[in-house]
Every structure is written in structure tokens, then in C-alpha cells.
Amino acid sequence: MLLNAVIIILREVIEASLIISLFLAFSQIFNNSRVWLLTGLFLGVISAAIYAVNIGVVSQWFDGVGQEVINAGIQIIIYLVLLTFLIIAMRPDSPLNKSLLTAMMMIGVIFATVREGSEIIIYIHGFVTVPELFQSVLLGSAIGAGIGISIGVCIYYILLNMPINISIRAGYVLTVLLAGSMISQTVQQLTQADWVISQYPIWDTSTWISEHSISGQLLYAVIGYEATPTAVQVMAYLSALFIIILFSGYSWNHNQRLNK
Amino acid sequence: MKSIRTYLLLTLIAIITLVTFLSLLQGYKDSITEVQQLFDDRLQSMAAMISNANQDLHPHSAGTEKLSSTVFFQILTDDFSLLARSNNATTPLLSADNNVTAGFRDINFSGYRWRVYILKDDSLNRWIITGERSDISYILAEKVVTASIIPIVLAIPIAAFIIWIAIGVGLKPLRELTGQLNNKQADDLSPVVMANAPEELTSLVASTNALLQRLNDAFVREQQFSADAAHELRTPISILKVQLHNLQNNEHISDAALLPLASGIERMGQVIEQILSLYRYSPEQALIKQSEIDLSAIVQSIIAKDYEQIAIKQQKISLSGGEVCLIKGNQFALETLVQNLISNASKYTPQQGEIQVTSKHITTGVRLIVEDSGPGIPQEQYERVFERFYRVDSDRHNSGILGCGLGLAIVKHIVDLHKAKIILHPSTQLGGLKVMIDFPNK
């Protein structure tokens, strides 16, 4: 049970932790204020609690698949936030950008916290009535959260301590991969909700890296790793990567032309 | 990086947490396997004990042995009919249908999953099964293992606190050095003394001290230069003045011929005084002798001093405000500032013109205004007049005016030293130039 709790909590925490450390590093490199983080976390935690408390009602929506559909919706919003963030960040010279970037980062943190926070609350709450397992679950949650947050801290300081041009490139790649992972998870949620037709997986790598291992969860958070992905999932993932690279690249080129 | 302390704390804790938790998880997996192995051994021993204790080949009359509900046993004949059993295992758990082999396996019955051990007792041709509820043994195993994990997880925040303190202690010499440098008086260029400076700071302290030494040498040289230059330059000019005076008394030489000589000497004298005062106010030196000064008093004394020059040109000078306006500054520098402004105003204001000086309190501090009825300065030259040796286009001014283009440069320099602001305007009241200086509150 402890191991399950570690895996489940780690999966939730690492995603939020990666998004926050990316945004934080960006803020730090470009000397922006960090008020958005505290505000975002505060609003996110409150919203997550409200969402978790009302999960019973939410689940009834859309013929009983409300939770999956809402989660998919939140993932899509996070994808759009990351997309907009990259597009704006590629054009540092145009006006209005600082406040828009801050707004994007705050919205990103709020939705990441709602999505991951509510899952954590629901999971842990499920064990309150099972005293013999509760301690293990709490302990596992603490370990999972500890690993997730620690990885976020390490990535934040690694990004900060790299030469700025490398750190911007690394941040870009990480953001693109995270965005792709969001869409891959969206397809997963929608498949669970039966909104997307369930298919046979096109490959199975679970013997190499199981999704139920720490490394599997890390890869899941960073690149949306699936041991047994369906064709739709792979297509959606690649399209998401293509769109974000296309738009941010266009924005970058546009900015370069303006600078000439 | 905003703070070395936060950086060290966060990275250290993150690395400790990662390494500790990942190894804890590996340890947890291994320990759970070990404990499961222990439970399996127990099942195996129980089966062996039952086999030795019960040699009966007839069905047990009572048929039931009361055991706790989490374990069971059965003894079956070779054709799988019950010989003996515990009270919670009523039906034979083995049958000819399933390929029965001795060893461990997991089965389901009476609503639970059980870990069982099957022993083939060949001497009596019978089967002995012992079993334990998997969920219970699992929880038990987890309890045993997690008991050793809890203290390690709880130790992380304690470690964080201790590391926080330790880093604070480690950074103490750095804070001490910063404190020493911050607390240095502006004129204190003595070396920084740090007893037992750590290795990492020794070279920093040494290079800081070397820098302070070089600065000190530079200041000494500059002071020496000012003093020497003043002496060396003033003396020949005084001699020139005396000689000029003698020449003026000479009847054979006309005054008209001496006039350009006189004004040349006068101008040279002024330039030298101005250059010297410009160098006298290096930021550090001006700050040394800062005190609380009444700006209005300075204005009054300068007007009194320059009154003769103003009276010669029949100019009208008035001082408004005049209330006590205290600012923090250097007396000598401020006198030079007011002197330059008033003598500039007088110089560029025609005969019978008007000069108005105002000193008053404003919300942000004290304001000094010097206005005149002279030709003023074209607005596009406002910025340039503060440059050294810059002179406003002589077409607009009486070319006979003495000056070297340093007056306003010195004013700007002194204004900057006092963190004040200077603004030039056309004077709406008198039609000439309006110079406005805002000094901050003391």
C-alpha cells in the first residue's frame, strides 16, 4: 500500500512541481516578481479542496463521466496555457507581455494545483475510514510528495545554474514535452470516459519500464510515458508537440524579423 | 540566485530527500519480500508440525480445531477427503480436478485471498494444507517494515532545521565581512580586519584590502595635487596682478592697452579657482564633512558677500522665503553652489536687471530658486550647460563676460553629491533663466 501511495502521489506532485519549477526559473532568469506563484498556489489549493469536496456531484455530470471529462478539460487548459506561455515568451520585445506572461503562469499554477491537488485529496480521503492502511498511505504520500518536490527543486536550480542560453533551450524542451504529456493524459481520460474509442495498444514496453515504477512515473510526468499507448494517444501526443513547436517557432521567427 | 542560504538549504534537502526516499523504497521492497518469506517459512513449519503431531489416518471425530479466523489447516487423504481441519475451513480445498502439487500458492475461499502451503506427507499418503489470510499478513508485513521508515521520514524536517542553522553558522564570516564593509564611514579606507577568516574568504578580504589601499593612495595623491596646484598656480597669478598694478601706475602705458591683460589675468584666476573647487568635491570627501545646514543663511551670506559686484551693475537682488531651511550637506560645497548660481545670474543679467533668490520648504524637502532677467538659455542647450567647459553661444551673451564654462558643471556636481535635483526653466516672472534645485529631506 505504501508503494501504491508513493506512485500515485508522486505522479500528481511531480507534474505540478515541474510546471511550477519551470515557471519559477523563467521568472527568476527574467527578474519577474513571484507574487503570481503564491497567489496561484493559494487559489489552486482552495479550488482543489472545493473540487474534491464536490467530486460526487461532478462525477454525475455527462452521464456519470463528469470527473474524467472535467480532468481532461483541465489538462487541455494547462496545454493551452503552456502554448500561450511559449508563444509570448518567444517575443520578449513586444509590449504587454510581462503582465500576460504573469497571468499565464498564474493560471497554469492554479489549474495544475486544482488537477493534482484534488486527486491527492480524494485519494488520501478514501483511506480515512481504513485505519489499518491509513498510516501506510500517509507515509507513502509523504515519500511520494517528498520525491516529487525534490525533483522540482533540483530542476529549478539546474535550470538557474546553467548558462542562460542552454537553460532557455532546456526549459523550452521541457515545456514542449510537458505540454505533449498533458494532451496524452487528456486522451487517456477521455478514453476512460468512453468519449474516445478504446483501442488495442500499438506497443507494450511495460516489461522495460513499468508505469507502476518510480522511473515510469517520472517519464509519465515529463514525456507522458505510456507503456501501452493506443494509436489515438500517440497521434494526439505528436500533434500536440507539432502544434506547440510550430506556433512557438513562428513567434520566435516573427520576433527575429522584427529585431532586424 | 537570491540567497546562498536558501539555495544550499533547498538543494541539500532535496538531494537528501531524493536519495533517502529512493533507497527507503528499495529497502521497503526488499524488507517486504523478507517478511513475506518469514511468513511463508512459518506456514511451512506449521505444516511440518501438524504432520508430526497428527498421525491419525481416520477422519477426526470432532472434525474441527478452533483457530483464529486468519489461519487454517486441513489434512486430506490422497483422494482429497478430509481427515482433520480447523473450524474455519469446512470443505476440502484440494480436489482431483486441479493439478495439485506441493508448495506455496495463493487461493480464494470464504471471501478472502489466502496464502497456503501444501505438504505431501508421503509416509502416510496424505496432504496437509496450512494457510494464512494474505491481507492480514500483508498489513502485518507492512506494519513491521513501515515502523522502521517512519523515523527516517520524520527526520527530514529535523535535518532541514539543523542544516538551516548550520548554513547560517557557515555563512557568518560572510555576513561579518559585509557588515564591516557596510558600516565603514565614507572616509574610512582602513583595511578590513577579519580574525580567523575562512579559506574561501581570505582572498576576498585580501583583494578588498588591496582595493581600499589603492583608493586611499589615490585620495591622498588627489588632495596633494589640489593643495600643490592651488599653491603653485595662485602664486604666479598674484605676482602677475601685482605687476599689472605697477604697470597701471606707469604713466607711459595707457589703461586701454592694459585692459585685455587685466581681464585675461582675472579670467585665468577664476578658471583656476573653479577647476580646484571641481576637484575638491569628490563624492567621498564631500560626504565626510556633512552636517545640518541652513540653506537660507548661506544664501544671505553669499548675497552679502557678492553685493558689491551686484551693486556695480546696479542690479536689484531680492531674497524671498528666507525661512530656516535645514538640509544635510557640506557647508563649503553648498556655499560654492549658491555663489556660482548668484554670480552667474549677476554676470549674465544686464545693467539694472533683476535677480530673485527663493529658499523655501516643499513636501519633499527644500527648494532653492535663482531667477534673473538676463537673456536666459535656449531650451535645447539645457542639458549641455552642465558639461564641463561648455559655454552658451556667445551671440546671446555679452562677449565681455568672464567665465570658463565650469560654473554650472560644478553646480551639477554638488547637486548630485547632495542627491538633489536641478531643473532649468525660462523664468516667467523675470524673463531670464530660472534655476530650481530640490534638496531631499535631511
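Considering A:Leu101, A:Leu22, A:Leu37, which residue is under 18 Å from the mean Cα position of the chain (by Cα), part of a helix (DSSP H, G or I), within 14 Å of another protein chain (Cβ to nearest Cβ) and touching a residue at least 60 places away in the same chain (Cβ under 8 Å)?
Details: A:Leu101 fails: within 14 Å of another protein chain (Cβ to nearest Cβ); A:Leu22 fails: within 14 Å of another protein chain (Cβ to nearest Cβ).
Step by step, each of A:Leu101, A:Leu22, A:Leu37 is checked, and only A:Leu37 is under 18 Å from the mean Cα position of the chain (by Cα), part of a helix (DSSP H, G or I), within 14 Å of another protein chain (Cβ to nearest Cβ) and touching a residue at least 60 places away in the same chain (Cβ under 8 Å).
Hey, could you check region B:1-18 for residues that are facing chain A (nearest Cβ under 9 Å) and free of Cβ contacts under 8 Å to residues at least 24 places away in the same chain and say which is farthest from A:Ile164 (Cα to Cα)? Steps first, please.
Step one: list which residues in region B:1-18 are facing chain A (nearest Cβ under 9 Å), which gives B:1-2, B:7, B:10-11, B:13-18.
Narrowing the set further to residues that are free of Cβ contacts under 8 Å to residues at least 24 places away in the same chain leaves B:1-2, B:7, B:10-11, B:14-15, B:18.
Details: B:Met1: 13, B:Lys2: 16, B:Tyr7: 18, B:Leu10: 21, B:Thr11: 20, B:Ala14: 23, B:Ile15: 23, B:Leu18: 26 Å.
Within region B:1-18, the match that is farthest from A:Ile164 (Cα to Cα) is B:Leu18.
For B:Ile158, work out the one condition from (1) surrounded by 15 or more Cβ atoms within 10 Å (Cβ to Cβ); (2) under 26 Å from A:Leu139 (Cα atoms) it doesn't fulfil.
(1)
Scan region B:341-368 for residues that are surrounded by fewer than 19 Cβ atoms within 10 Å (Cβ to Cβ), farther than 26 Å from B:Arg391 by Cα and in contact with a Leu (Cβ under 9 Å, 6 or more places away or on another chain) and jot them down.
Correct list: B:Lys360 only.
Does any residue of region A:186-195 turn out to be surrounded by fewer than 17 Cβ atoms within 10 Å (Cβ to Cβ) and either within 14 Å of chain B (Cβ to nearest Cβ) or over 27 Å from A:Met1 (Cβ atoms) (or both)? So that I can check it myself, show each step before the final result.
Of the residues in region A:186-195, the ones surrounded by fewer than 17 Cβ atoms within 10 Å (Cβ to Cβ) are A:192, A:194-195.
Now narrow it down to the ones that are either within 14 Å of chain B (Cβ to nearest Cβ) or over 27 Å from A:Met1 (Cβ atoms) (or both): A:194-195.
For region A:186-195, residues surrounded by fewer than 17 Cβ atoms within 10 Å (Cβ to Cβ) and either within 14 Å of chain B (Cβ to nearest Cβ) or over 27 Å from A:Met1 (Cβ atoms) (or both): present.
So A:Ser213 passes all but one of these: (1) surrounded by fewer than 18 Cβ atoms within 10 Å (Cβ to Cβ); (2) away from every other protein chain (no Cβ under 14 Å). Which condition number does it fail?
With respect to (1) surrounded by fewer than 18 Cβ atoms within 10 Å (Cβ to Cβ); (2) away from every other protein chain (no Cβ under 14 Å), A:Ser213 is out only on (2).
Quick check on my filter: what residues within region B:180-201 are surrounded by 10 or more Cβ atoms within 10 Å (Cβ to Cβ), assigned to a helix (DSSP H, G or I) and not acidic (Asp, Glu)? Let's see the steps before the verdict.
Of the residues in region B:180-201, the ones surrounded by 10 or more Cβ atoms within 10 Å (Cβ to Cβ) are B:180-181, B:184-192, B:194, B:197-198, B:200-201.
Then keep just the ones that are assigned to a helix (DSSP H, G or I); that gives B:180-181, B:200-201.
B:Gln180, B:Leu181, B:Leu201 - these are the residues of region B:180-201 that are surrounded by 10 or more Cβ atoms within 10 Å (Cβ to Cβ), assigned to a helix (DSSP H, G or I) and not acidic (Asp, Glu).
Among all residue pairs at least 6 apart or on different chains, which show Cβ distances below 6 Å where the first residue, located in region B:247-268, is more than 22 Å from B:Ala229 (Cα to Cα) and the second is outside any helix (DSSP H, G or I)?
Final answer for the pair search is B:Leu247/B:Ile253.
Could you tell me which numbered condition B:Leu22 fails, if it satisfies all but one of (1) surrounded by 13 or more Cβ atoms within 10 Å (Cβ to Cβ); (2) in contact (Cβ under 8 Å) with a residue 24 or more places away in the chain?
Only one criterion is unmet by B:Leu22, namely (2).
Go through the residues of region B:35-55 one by one and say whether even a single one is facing chain A (nearest Cβ under 8 Å) and not β-branched (Val, Ile, Thr).
Keep residues of region B:35-55 that are facing chain A (nearest Cβ under 8 Å), which gives none.
Within region B:35-55, not a single residue is facing chain A (nearest Cβ under 8 Å) and not β-branched (Val, Ile, Thr).
What is the one condition in (1) of a type outside the set (Lys, Arg); (2) more than 26 Å from A:Leu241 (Cα to Cα); (3) at pLDDT below 85 that A:Asp93 does not satisfy?
Answer for A:Asp93: the failing condition is (2).
I'm checking my understanding of the structure. Among residues of region B:143-164 that are in contact with a Phe, Trp or Tyr (Cβ under 9 Å, 6 or more places away or on another chain) and at the interface with chain A (Cβ under 9 Å from one of its Cβ atoms), which one is nearest to B:Thr6 (Cα to Cα)?
Within region B:143-164, the match that is nearest to B:Thr6 (Cα to Cα) is B:Ile156.
Conditions: (1) within 14 Å of chain B (Cβ to nearest Cβ); (2) assigned to a helix (DSSP H, G or I); (3) among the small types (Gly, Ala, Ser); (4) surrounded by fewer than 18 Cβ atoms within 10 Å (Cβ to Cβ). A:Gly56 meets all but one. Number of the miss?
A:Gly56 satisfies every listed condition except (1).
I want to confirm something. Restricting to region B:28-61 and keeping residues that are small (Gly, Ala, Ser) and touching a residue at least 60 places away in the same chain (Cβ under 8 Å), which single residue is surrounded by the fewest Cβ atoms within 10 Å (Cβ to Cβ)?
Initially, region B:28-61 is screened for residues small (Gly, Ala, Ser), giving B:31, B:45, B:47-48, B:51, B:53, B:61.
With the extra rule that they be touching a residue at least 60 places away in the same chain (Cβ under 8 Å), the set shrinks to B:31, B:47-48, B:51.
Numbers: B:Ser31: 18, B:Ala47: 23, B:Ala48: 15, B:Ser51: 19.
Ranking the candidates gives B:Ala48 first.
Hey, can you tell me all the residues within region A:122-154 that are free of Cβ contacts under 8 Å to residues at least 12 places away in the same chain, assigned to a helix (DSSP H, G or I) and either more than 10 Å from every other protein chain (Cβ to nearest Cβ) or of a type in the set (Lys, Arg) (or both)?
A:Pro131, A:Phe134 - these are the residues of region A:122-154 that are free of Cβ contacts under 8 Å to residues at least 12 places away in the same chain, assigned to a helix (DSSP H, G or I) and either more than 10 Å from every other protein chain (Cβ to nearest Cβ) or of a type in the set (Lys, Arg) (or both).
Scan region A:158-174 and tell me whether some residue there is within 14 Å of chain B (Cβ to nearest Cβ) and either touching a Ser or Thr at 6+ places or on another chain (Cβ under 6 Å) or under 17 Å from A:Val6 (Cα atoms) (or both).
Yes, the conditions are met somewhere in region A:158-174.
Tell me which of these B:Ile136 doesn't satisfy, since it passes every other one: (1) within 14 Å of chain A (Cβ to nearest Cβ); (2) of a type in the set (A, V, I, L, M); (3) out of contact with any strand residue (DSSP E or B) (no Cβ under 9 Å at 6 or more places or on another chain).
(3)
Would you check if B:Leu124 is modelled with pLDDT under 90, under 30 Å from B:Ala96 (Cβ atoms) and either outside any helix (DSSP H, G or I) or assigned by TED's automatic domain parsing to the domain that holds B:Thr20 (or both)? Talk me through it step by step, then tell me what you get.
Details: modelled with pLDDT under 90: yes; under 30 Å from B:Ala96 (Cβ atoms): yes; either outside any helix (DSSP H, G or I) or assigned by TED's automatic domain parsing to the domain that holds B:Thr20 (or both): yes.
The answer is yes for B:Leu124.
Suppose the filter is in contact with an Asp or Glu (Cβ under 8 Å, 6 or more places away or on another chain), touching a residue at least 40 places away in the same chain (Cβ under 8 Å) and among the aliphatic types (A, V, I, L, M); does A:Val65 pass it? Outline the logic, then answer.
On the way: in contact with an Asp or Glu (Cβ under 8 Å, 6 or more places away or on another chain): yes; touching a residue at least 40 places away in the same chain (Cβ under 8 Å): yes; among the aliphatic types (A, V, I, L, M): yes.
In short, yes.
Scan region B:63-75 and tell me whether some residue there is within 14 Å of chain A (Cβ to nearest Cβ) and touching a helix residue (DSSP H, G or I) at 6+ places or on another chain (Cβ under 6 Å). So that I can check it myself, show each step before the final result.
First, the residues of region B:63-75 that are within 14 Å of chain A (Cβ to nearest Cβ): B:70.
Within this subset, residues satisfying the condition of being touching a helix residue (DSSP H, G or I) at 6+ places or on another chain (Cβ under 6 Å) are B:70.
Within region B:63-75 (the criterion being within 14 Å of chain A (Cβ to nearest Cβ) and touching a helix residue (DSSP H, G or I) at 6+ places or on another chain (Cβ under 6 Å)), the answer is yes, since at least one residue qualifies.
The values are calculated or read from the model by the stated rules, or taken from the named source; none is laboratory data. None of the values given here were measured: they were computed from a predicted structure. Positions of Cβ are backbone-derived with ideal geometry, glycine not excepted, and every protein chain shown enters the neighbour counts.
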